[in-house]
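None of the figures in this text is laboratory data; all of them are computed from the coordinates on show. Since the model is a prediction, treat every value here as computed from it, not as a measurement. Here the Cβ is made from the backbone with ideal geometry for all residues, glycine too, and neighbour counts use every protein chain on show.
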Amino acid sequence: MDLVLRATFVFFLILVVTRVVGRRELSSLEPFDLILLVVIGDLVQQGVTQSDYSLTGATTVIVTLALLTVATAWLSFRVRRLRPLLEGEPIVLIADGHVLERTLRRERLTRTELEAEARLAKIGSLGDVRFAVLETNGRISFFTT
């Protein structure tokens, strides 16, 4: 039972941390970020299982995390009010060609990064963009006029 409680705590801790870190940072992992994730994974494993290296312990933790993942997906699907908390909401970054600077700051996104994303979408100027939306997966969708 201790393993289930530890896995549940870690699951919700990771959920909160990913919300705090922000979707943009998670969508563009640098090599350091990847290494950091591997280290965090190892620390999570040590914190959850402590010194239990048994097959039963590993199975218990994996099943608990899988069930929590399915449960949060189901809750997000069935309970509309929980969806923004569990998945986040798309955020408008550009409206009618005007960059929403305040929103960029809140999402810790620079204008230069937004311009780079526009260039990758083959858009020459942000003024040509009718709407740009930061999606829940961290990608930016552009709608041109």
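Have a look at L126, L65, L55 and tell me which one the Gaussian network model of the chain (Cα, springs below 10 Å) gives the largest fluctuation.
Of L126, L65, L55, the most mobile in the Gaussian network model is L55.
With +1 on each Lys and Arg Cβ and -1 on each Asp and Glu Cβ, and nothing else charged, work out how big the dipole of the chain is about its Cα centre, in Debye to the nearest 20.
Dipole about the Cα centre, nearest 20: 520 debye.
By the gyration tensor of its Cα atoms, with a ≥ b ≥ c the square roots of the eigenvalues, what is the shape of segment 2-87: rounded for a/c under 1.5, prolate for a/b over b/c, or oblate?
Taking the square roots of the gyration eigenvalues as a ≥ b ≥ c, segment 2-87 is oblate.
Are there DSSP H segments in the chain that both extend 20 Å or more along their axis (alpha-carbon positions) and score a mean Kyte-Doolittle hydropathy of at least 1.6? List them, or say none.
Once both thresholds are applied, what remains is 2-21.
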